[in-house]
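The values are calculated or read from the model by the stated rules, or taken from the named source; none is laboratory data. All values reported here derive from a predicted model rather than from experimental measurement. Backbone-built Cβ (ideal geometry, glycine too); neighbour counts: all protein chains shown.
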Amino acid sequence: MKKAILILLAITAFLYFLPLVLKPVILSVTKKQLGRVFKDSSVSIKDCRLSPVSLAIYGIGIERKPFYKFSIEEIRFSYRFSTLSKGRITRVALKGIKADINTPDKKAAEFTRLLDLDTAHPAPFTVVCADILRADIKARTRDLSLDCGVSLGIDLSNNTVYYLALRAASLDAGGAHFENISLGSALRVKAGSFYAGRLKFDKVQLEDIEGRIVLGSKGLALYPLCARLFGGKVCGSLALMLDKEGQYALDLSASGIGLGALVDDLKLAEKMRMTGKLEGTVSVKGAGLKLALINGDLSVAQPGGTLAITDEGLLKNLAAQTQQSLDMLVESFKDYQYDTGIVKLDLNGGDLILDAALNGKDGKRNLNITLHKFDLKDYLPE
């Protein structure tokens, strides 16, 4: 009995003093590893605590002026001995992150060049799940401006996002400017919510964008999704893959869309003037700025509108297509009033084609406009 008590006391003492002995080693190794990854940076760590089921590291600071500054309240590694012996860590949770990135002369994707990720040598442990709990991020790069708060959970074993919450006062990326964004969803929740006060791309401006968000294993879907556009309204759905390519599919139904604003957005104001409102459907598919499909089936809402073509080059092309005299087309499109109309949009071989068939008291008018090599990059700000 006495021997058993002595053994128990020895084990208890060992378990008590082991973390104290290992603490300076853990702090030293962690600081060294962070310094290796965040090269040329100052690294500081306040404390750590070791238990049989977890390792917590507190008060991490990483800074490399003037490029970035990170602070993390806590990183907690959770494990079981059965999986740790196989080189697996059950979960890593990062809490209280503040990140400030300032590389205005580099693209966001180039940020990793400031790090030493050593991809040639695999890490000694693999992480099953990672959680980011309350991260405040400010980033300013050549192609990204971001001020947001985010929480995120990822199953790294199958690259699945199982929860996501985001609030952003502003976001500029890929030529698009967002304001007042909030979203939240999880795999186990039927549907979350999404809202953005404004989205602006070139002259296109959507306002009061809102919908229900469904988070899937490889991406997310917004349905229904509604917004105000050109004095009218669009509703539909958006499917977005959370991968490197950023593939998406957008299907919308539109009503009350102002044709004058649409002509301005397509940078055709110097060629024509147009009034009236559109309704119908539009589908867009692509990956990032690369478009794969644009298909529009639209009609002019009552009571119609007016069309005036002022560009001589466009009138000459129409004359060649219709085999009509230029003088006749100039007169017929001077101030044409129409009652009904059908408008088709199509992306064919990289060219965006707009076909309009209008009908009014002065007869029918057909209009074909082709924007050759249509590229969203041409609409990005300099």
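Go through the residues of segment 288-298 one by one and say whether even a single one is on the phi > 0 side of the Ramachandran plot and either surrounded by 12 or more Cβ atoms within 10 Å (Cβ to Cβ) or among the β-branched types (Val, Ile, Thr) (or both).
Scanning segment 288-298 turns up at least one residue that is on the phi > 0 side of the Ramachandran plot and either surrounded by 12 or more Cβ atoms within 10 Å (Cβ to Cβ) or among the β-branched types (Val, Ile, Thr) (or both).
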*Scan 322, 310, 340 and give me the residue that is out of contact with any Lys or Arg (no Cβ under 9 Å at 6 or more places or on another chain) and at pLDDT below 85.*
322
*Within segment 202-218, count every residue that is out of contact with any Phe, Trp or Tyr (no Cβ under 6 Å at 6 or more places or on another chain), farther than 15 Å from residue 165 by Cβ and either of a type in the set (S, T, N, Q) or surrounded by 17 or more Cβ atoms within 10 Å (Cβ to Cβ) (or both).*
4
*Please identify the pairs in which a residue from segment 87-115 that is at positive phi has its Cβ atom under 6 Å from the Cβ atom of a residue that is assigned to a loop (DSSP other than H, G, I, E, B) and exposed (fewer than 15 other Cβ atoms within 10 Å of the Cβ), counting only partners at least 6 apart or on another chain.*
87/125
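Rundown of residues vs (1) in a loop (DSSP other than H, G, I, E, B); (2) touching a Lys or Arg at 6+ places or on another chain (Cβ under 7 Å); (3) exposed (fewer than 13 other Cβ atoms within 10 Å of the Cβ), yes/no style:
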| position | (1), (2), (3) |
| --- | --- |
| 86 | yes, no, yes |
| 90 | no, yes, no |
| 112 | no, no, yes |
| 117 | yes, no, yes |
| 138 | no, no, no |
| 152 | no, no, no |
*Name the pairs whose Cβ atoms lie under 6 Å apart, with the first residue in segment 334-361 and more than 16 Å from residue 374 (Cα to Cα) and charged (D, E, K, R), the second outside any strand (DSSP E or B) and at pLDDT 90 or above, and 6 or more positions between them or separate chains?*
339/304
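Out of 193, 170, 185, 145, report the one residue that is farther than 21 Å from residue 289 by Cα, surrounded by fewer than 17 Cβ atoms within 10 Å (Cβ to Cβ) and free of Cβ contacts under 8 Å to residues at least 60 places away in the same chain. Quick ask: steps written out before the conclusion?
On the way: 170 fails: farther than 21 Å from residue 289 by Cα; 185 fails: surrounded by fewer than 17 Cβ atoms within 10 Å (Cβ to Cβ); 145 fails: farther than 21 Å from residue 289 by Cα.
After applying the criteria, what remains is 193.
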_The one condition in (1) surrounded by fewer than 17 Cβ atoms within 10 Å (Cβ to Cβ); (2) modelled with pLDDT of 90 or more; (3) touching an Asp or Glu at 6+ places or on another chain (Cβ under 8 Å) that residue 130 fails to fulfil_ = (3)
*asked:* Here is a check on your reading of the model: is residue 302 modelled with pLDDT of 80 or more and surrounded by fewer than 15 Cβ atoms within 10 Å (Cβ to Cβ)?
replied: yes
*Does segment 68-84 hold any residues that are buried (at least 16 other Cβ atoms within 10 Å of the Cβ) and part of a loop (DSSP other than H, G, I, E, B), and which are they?*
79
